[in-house]
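The values are calculated or read from the model by the stated rules, or taken from the named source; none is laboratory data. The structure displayed is predicted, hence computed values, not measured ones. Cβ sites come from the backbone with ideal geometry, for glycine too, and all protein chains shown count toward neighbours. For accessibility, only protein heavy atoms count, side chains too; no ligands or nucleic acids. Shrake-Rupley method; radii C 1.70, N 1.55, O 1.52, S 1.80 Å.
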Amino acid sequence: MPGPAAGTAHAATTTDVVCLGESMVTFLPSQPGRLADVPSFGRGIGGAESNVACALAAAGHRAAWVGRVGADGFGDHLVETIAGYGVDTSAVRRDPDRPTGIYFRTATDRGAGAHEVAYYRAGSAASAMSPSNVPYGEVFAGRILHLSGITAALSADCLELLRELTAPRQGRPLVSFDVNHRPHLWRGGDASVLLELARRADLVFVGEDEAEEAWGIVGAEAIRAALPEPSVLVVKRGSAGATVFASGLRPGPRSSNAGGAEDAAAGTGSGDTVTVVPALHVDVVAAVGAGDAFAAGFLSATLRGLPVRDRVRHGHLMAAAVLTVPGDLTEPPARDHADRLAALGDGAWGRLRLGPGWTAADRAPEEVRTS
């Protein structure tokens with residue numbers, strides 16, 4: 001099967017994070033209500049991996065997005081918009097025979113019963129990604145490679161690609177994997193493959209609700225027991241916050257040339273350190289994109305070598321920025337602003353309440369509303 005030769009380390013790089021996956025044009029409703037009743041839609045972009053790349057670039061990191069789009073106007077829009085955030089899109093491939101995926105959604109929260117999403121992604125250009133047509137040099141060019149379970153659900157070729165990218169090999173960058181279980185994508189499929197892929201990654205993000213729905217595993221400790229291999233496991237627990245299990249990276253070829261990122265992701269080196277970080281109180285405008293923003297915040301702090309607690313707090317803060325706007329993407333808080341909030345004592349952190357406009361650079365921590 002085509003791919004990088006085992007034992008071939010990637011060259012020195014200036015890229016912090018490479019994100020690979022499908023991005024789609026999303027149509028956002030002009031008003032609440034059923035899709036049947038919404039009279040018009042505004043155009044945006046959506047895609048877990050490209051969302052992470054855009055958030056990281058906006059936060060000052062060198063991020064690249066690798067994907068496949070159609071040779072059509074929607075593909076042009078995606079590439080131009082993502083590049084506009086400062087993301088390197090030079091490795092994106094155009095497919096002359098398949099379209100760019102699109103979807104429509106209602107204004108309600110994804111978890112609400114009235115929420116509707118209409119996807120038009122079957123046979124999309126991204127679903128044709130495979131081990132034979134992905135530019136491996138660019139994919140392995142970063143300190144971190146970020147992937148998600150959404151890609152695995154798009155096609156058999158996409159699943160094989162993720163198996164190839166997560167396979168142990170000398171020179172593999174640190175692999176970050178967001179489980180991102182989407183039940184509608186796995187109808188008739190076996191979501192247990194997401195557990196297989198997660199076990200091959202170095203850093204894993206998974207929600208407690210996802211683990212229960214996809215694998216029947218309940219509770220953070222049980223999830224860790226099922227995923228003992230990743231050096232860092234981030235279990236997202238909704239309003240309860242997040243629990244991080246961290247251990248030192250094992251010796252061997254899995255991530256031996258990650259340009260220093262593996263040191264930032266390591267724990268104590270023997271057994272797990274367990275860190276529990278409460279969630280923030282947020283006045284939510286729309287919940288879409290919050291998980292991607294959390295991953296971006298955590299990865300940003302990981303690249304900076306911050307303590308585990310602060311990595312989680314930066315994840316919460318980046319998610320709060322997205323939660324307080326209507327779309328999937330927004331300008332994150334300035335780094336010094338986020339650093340001040342992340343450094344608050346536990347009591348002050350617990351009293352924070354963030355609403356629309358909280359990311360304004362001129363707002364000091366004491367000016368953010370408290371409960």
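Structural remarks
- Other-chain or far-sequence residues with amide H under 5 Å of VAL285's (modelled H): THR324, VAL325
- Test item: Cα-centred dipole of the chain, Lys/Arg +1 and Asp/Glu -1 on Cβ, debye: 280
- Amide H contacts of ASP95 (H built 1.01 Å from N, in plane; Pro and chain starts excluded): VAL69, GLY70, ALA71 sit under 5 Å, all sequence-distant by 5 or more or on other chains.
- The chain, relative contact order [Cα under 8 Å, separation at least 6], %: 14
- Out of every Cα-Cα pair that the chain contains, those further apart than 25 angstrom amount to 52 percent.
- Difference of contour (0.36 nm per residue) and Cα-Cα distance, SER30 to ALA343: 108.8 nm
- The chain, accessible surface, carbon-and-sulfur percent (1.4 angstrom probe): 51
- Here segment 284-326 and segment 211-249 have alpha carbon centers that stand 17 Å from each other.
- Beta bridges per DSSP with both ends in the chain, % antiparallel, nearest 5: 40
- At full extension, ASP76 and VAL117 could sit 12.5 nm farther apart than now, given 0.36 nm per residue minus the alpha carbon distance.
- Projected over every direction and averaged, the convex hull enclosing the alpha-carbon atoms of segment 26-129 yields 7.2 nm².
- Shown for segment 111-183 is the translational diffusion coefficient from the Stokes-Einstein equation, using the Kirkwood radius over Cα pairs, a temperature of 10 °C and a viscosity of 1.306 mPa s: 115 µm²/s.
- As a ratio to 2.2 N^0.38 Å, the alpha-carbon radius of gyration for segment 314-359 is 1.11.
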